[in-house]
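A quick write-up on the structure given underneath.
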Amino acid sequence: MKIRVIGETLLDKYVFWDNTGKVDPATLVPVYTYKKTTEVPGGAGNLVKVLSDSNRDNILFTTNTINVPVKERHYCDSDPIMRVDIGDYIEHDDSVVSDFITSIETGDVVVVSNYHKGFLIENDIKKIIQVSKTFGATTFIDTNKVTPHYYDVDYLKINQKTYYESDVNFNKFDSLVVTKGSDGCSIYNKGEYTQVQQKNHPMMPVADSIGAGDSFFAGFISSILTGMDIESSCNFANSIAYLSCRTLGTI
């Protein structure tokens, strides 16, 4: 079984500062001293990293290698103080998507991580799903915007904000998972609704939620592919997402 992943990679950059407790007399702003900078793949890059950590060796990744948007977050004493976005658009290339589609084989698993940065357009999504169906490939999509082009996907994962902002008929999806942060997630499976609560201890500390959605998606995919049912897979994915929230930054 090959897992073919296509989607945008972002760069999550973290700059850490220490507060000296001093104030600049000219501007009356706090004085910080530089501590360190870390850089890790975000978006689809983070998804693939988590999937790889689950010991799946047959992951084939199609992503942008130039024009990588940067999300630069600044922290002081573990508290966020600023975010700087550098670039937010990835040029679309028809040949990249065409090569991906022609590579799909019988029994593959096809995963789309779409942040709508330009790397994929809606017709690409529709073609990927259609070709995957032809080969009997299982399809998973994580997206921040839903259109009718996604209707035939096997598993769709979105967050609660996307659910409320999308103007589509969600009853057309066989398996829809809506993540709700600390409230776990909701499952709409063939017309049946199930709420899956977060089962972790409520006293465990949460550092931040950056990358939690990608971690959830990776955990969900891994569980489904091992034969777990959708509710059990969501329970596992909730745990993976919660673990990622316990450490500052994208994990």
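The values are calculated or read from the model by the stated rules, or taken from the named source; none is laboratory data. Please read all numbers here as calculations on a predicted model, not as lab measurements. All Cβ positions, even for glycine, are placed from backbone atoms using ideal geometry, and neighbour counts span all protein chains on display. Heads up: the accessible areas ignore ligands, DNA and RNA and are worked out on the full protein's heavy atoms, side chains in. Shrake-Rupley method; radii C 1.70, N 1.55, O 1.52, S 1.80 Å.
General observations
- Counting protein heavy atoms only, segment 30-113 has 50 percent of its accessible area on carbon and sulfur, 1.4 angstrom probe.
- Taking θ as phi - 60° and the Karplus parameters 6.51, -1.76 and 1.60, the scalar couplings of segment 130-141 work out to 4, 5, 4, 4, 4, 9, x, 7, 7, 10, 10, 9 Hz in sequence order, x denoting glycine and proline.
- Amide H within-cut-off set for ILE81, under 5 Å, with H built and near neighbours excluded: HIS74, TYR75, CYS76
- Pairs of lysine residues in segment 135-202 that meet both criteria, 8 or more places apart or on different chains and Cα atoms under 15 Å apart, total 8.
- Solvent exposure of the chain, expressed per residue, is 51 Å² of accessible area, with all protein chains present and a 1.4 angstrom probe.
- Set of aspartates and glutamates near LYS13 by C-alpha distance (under 19 Å), chain-local residues within fewer than 8 positions excluded: GLU39, GLU72, ASP77, ASP79, ASP85, ASP88, ASP208, ASP214
- Working note: 222 nm ellipticity from helices only, DSSP H runs with n ≥ 4, each -39,500 (n - 2.57), summed and divided by the residues of the chain, gives -8500 deg cm²/dmol to the nearest 500.
- Percent carbon-and-sulfur accessible area, segment 129-203, ignoring ligands, DNA and RNA, probe 1.4 Å: 45
- Model label points for SER209 and GLU91, set 7 angstrom from Cα along the Cα-to-Cβ axis, are 3.6 nm apart.
- GluC sites (Glu not before Pro) within segment 4-103, DSSP loop, no more than 16 other Cβ atoms inside 10 Å: GLU91
- Among beta bridges from DSSP that stay inside the chain, the antiparallel ones total about 50%.
- Highest mobility in the GNM of the chain, judged by mean-square fluctuation with C-alpha springs under 10 Å and restricted to ILE81, ILE125, ILE221, is found for ILE81.
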